[in-house]
Every structure is written in C-alpha cells, then in structure tokens.
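First comes the structure, then the notes that go with it.
The values are calculated or read from the model by the stated rules, or taken from the named source; none is laboratory data. Computed from a predicted model, the values in this text were never measured in an experiment. Positions of Cβ are backbone-derived with ideal geometry, glycine not excepted, and every protein chain shown enters the neighbour counts.
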Amino acid sequence: MNDAIVLEGLFKSHGDVPAVRGLSLSVPAGTICGLIGPDGAGKTTAMRVLCGLLRADRGSARVLGHDCGTASREVKRHLGYMPQRFSLYPDLTVAENLRFFADLFDVPAAERRQRDAELMAFSRLEPFRGRRAGLLSGGMKQKLALSCTLIHTPAVLILDEPTTGVDPVSRREFWRILRDLASRGLALLVSTPYMDEAALCDDIVLMHGGRALAQGAPQAVAASFPRRLLEVTGLDPAEAARRLRAAAIAGLDVQRYGDRLHLVHDDQAQAEAATRALAGTGAVLAPLAAGVEDVFVEMMTRADAEVAS
C-alpha cells in the first residue's frame, strides 16, 4: 500500500518548549493510525504540521507526496482536518453548514446535491438537516463536523480527538463511520486520549512528552509488554493497594484500573509475596495478558524516570 501520510524525524518547539521530538510514522491509504496519549503529548502539534498550519523545526511531513511546509496549498486540496473544538457555525442549520463548506472548498455545483445526499445518509443527519448546529447533541455535532470535512472528498483525514466529550454510544457510532471511510480507501490519522480506542485502529503511536514510546499494530504493541501482570479483584482496590504498600514488596508496581488493580512484577517471588499480603481478604489474584494501556503506563513511567535521573 502507498503511504498517504509520512512524518520523518519531526521536531517542533513552541518557543523554548519542545512539543514534538523526533516523531516518525506512516499511514497507508485505507488504514487508520491512532495517536494515543494525554494532553501535552504532542499529538495536536504533529497534526497541525501535517495540515500546514505550523512549520517543522526539523524533519519532514508529507501528504500524498507533497511537502506540508512548501506545498501546503496542494496538501489542503486533498486533506480534511477536524480540530478538537467544534468549529462550525452554531446559528446555521445542518444543511447550511454543509452548503457553506461546499462554497469554501469550491465544490462544483453539479456535484453538490449528490454530495449533500451522500453525507446526510452517511452521517444519519437527514432528519436534522433543518436544525441549527448549536442545538445538536455532542455526537451529532461531531458527525456534522466530519461531514463538512468530507464535503470536498479528501483522500486524507486528520481528526484531532474527535470523540472527546461524546457519549459512549455516539463514540461507537462515530468509529463505525471512520472504519467505513477507511474501507473506501481514505487514510486517517486520529488522535485520542482514550486507550480503548487504540484497539479500533490499524496502527497506533503511543505518545508522551512529544516522543513515540511505542508504535505498531495494537496487538503487537500489547504483546511487547516487558514484564508480568496479575489482576486483583474481589477486594476494594484502595484497601488492596494499602495492604500491598504496607508489605513493601521490592520491584512490585501497583496500578489501579477502575474497580481492580494490576500488579506489575518481574518474577514468581514478587507474585507470591503479593498473594501473601492479600491472604484472607477475599482478594482474587489471576495472571493477566497486558493491554495497550498497561504498555503505555509502563513506558511512560520509565520515560519519566529517565528524565528525572
């Protein structure tokens, strides 16, 4: 497959603050690549460089072979960008927003009716075409924003945290739409702080402090976890964590995941010590295969320790 998006050794700082440090990635047509990480990881900066909104300090950024710094006008002809914040006009209706963006992107008059009908059906917004955008739900606002991004039939989509603040049902529906777009041959670069969305991508890049900590297919990233895991259930996690801290088991890391704990360890002796510390409490300890979030927490902890040292 041809790589529609390519970053090679990208560096970008905001004043004296480094935002992206040596990021490289590629996104073939027909795939979804996820930039996974918290606020401040460098996701938005990397996307803005690809959109030609920022100039890289070092390295290169290309979309469909066009340099994003020197050929930004050509890049924008083939690219759809959806920023974090809802950026449409709240006083315009759904149909009026689509019409405005069709004007903005010079969509030929002969194509507009067909494009409008396709996008209304695609996003399931047809029943709401006369509603003002400001009165839409969060999920419908995001689908309208995506529809306006698609009005000029771009080959590449860059979506910056499109599901932040959207309810779980709308999030699933939105990702169904993204997967459909990828099946049509579009290349998608999507950023998200939600670790569960990593599994919905073809490839992911775990970002922290402007760097890529790990990248590849989600299953491959999860399989790269370098240590062992135990999951603790059946006991209040705060109480379980207190008992484990009191046991002072060297080398054991305790991470809370909702109503359970993940115990990261290196050998059987640590696992046995944790079992003894929770004996008689009703806690159940079971081996667990690592997920993407476990990899991210482990690598982020190591990266922070390296910086501190």
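Tabulated values for the structure
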item: Residue 31, sole failed condition from (1) crowded, with 20+ Cβ neighbours inside 10 Å; (2) hydroxyl-bearing (Ser, Thr, Tyr); (3) in contact with a strand residue (DSSP E or B) (Cβ under 6 Å, 6 or more places away or on another chain); result: (3)
item: Selected residue (criterion: nearest to residue 101 (Cα to Cα)) from residues of the stretch 115-138 that are loosely packed, with under 13 Cβ neighbours inside 10 Å and in contact with a helix residue (DSSP H, G or I) (Cβ under 8 Å, 6 or more places away or on another chain); result: 130
item: Selected residue (criterion: farthest from the chain's Cα centre (by Cα)) from residues of the stretch 268-309 that are modelled with pLDDT of 95 or more and charged (D, E, K, R); result: 276
item: Flag for residue 183 being surrounded by fewer than 22 Cβ atoms within 10 Å (Cβ to Cβ) and over 16 Å from the mean Cα position of the chain (by Cα); result: yes
item: Flag if residue 155 is touching a Pro at 6+ places or on another chain (Cβ under 7 Å) and either at pLDDT 90 or above or loosely packed, with under 14 Cβ neighbours inside 10 Å (or both); result: no
item: Where residue 274 falls short, out of the listed (1) part of a helix (DSSP H, G or I); (2) surrounded by fewer than 19 Cβ atoms within 10 Å (Cβ to Cβ); (3) among the aliphatic types (A, V, I, L, M); result: (2)
item: Condition broken by residue 189, with the remaining ones in (1) under 19 Å from residue 98 (Cβ atoms); (2) crowded, with 21+ Cβ neighbours inside 10 Å; (3) in contact with a strand residue (DSSP E or B) (Cβ under 9 Å, 6 or more places away or on another chain) satisfied; result: (1)
item: Boolean, residue 90 is at pLDDT below 95, more than 30 Å from residue 10 (Cα to Cα), touching a strand residue (DSSP E or B) at 6+ places or on another chain (Cβ under 7 Å) and not β-branched (Val, Ile, Thr); result: yes
item: Qualifying position, being part of a loop (DSSP other than H, G, I, E, B), hydrophobic (A, V, I, L, M, F, W, C), closer than 30 Å to residue 47 by Cβ and touching a Leu at 6+ places or on another chain (Cβ under 6 Å), among 212, 290; result: 290
item: Selection within the stretch 173-209 - among the aliphatic types (A, V, I, L, M) and in a loop (DSSP other than H, G, I, E, B); result: 186
